[in-house]
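K.L.:
Before we start, here is the structure in question, set down as structure tokens.
The values are calculated or read from the model by the stated rules, or taken from the named source; none is laboratory data. Owing to the predicted nature of the structure, the values given are computational and were not obtained by experimental measurement. As a convention, Cβ positions derive from the backbone with ideal geometry for all residues, glycine included, and neighbour counts pool all protein chains shown.
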């Protein structure tokens, strides 16, 4: 699901010094989660990869229809619970 490119949607994962993974929406949230885990500030390294183009392009219809809210448009055009490709 990832590529080693310099453009694209960054993977929201940061790694602690011991390899612990923190998946958060923002760097600040990752730092807060790491502080809670370690009990002291520790350096974090963001995952350098980006999401694959097909993964990113698959988000477009959902985001234009109001997802993650359960809008009538999402229910009409994407009525399923599971996407199988």
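K.L.:
Show me the helices (runs of 4 or more DSSP H) entirely contained within the chain in which 3 or more residues are at pLDDT below 80. Don't jump to the end; show me each part of the working.
P.N.:
Working: elements: 27-38, 53-64, 72-77.
Those helices (runs of 4 or more DSSP H) span 53-64.
K.L.:
Does the stretch 22-41 contain any residue that is in contact with a strand residue (DSSP E or B) (Cβ under 7 Å, 6 or more places away or on another chain), in contact (Cβ under 8 Å) with a residue 40 or more places away in the chain and surrounded by 14 or more Cβ atoms within 10 Å (Cβ to Cβ)?
P.N.:
no
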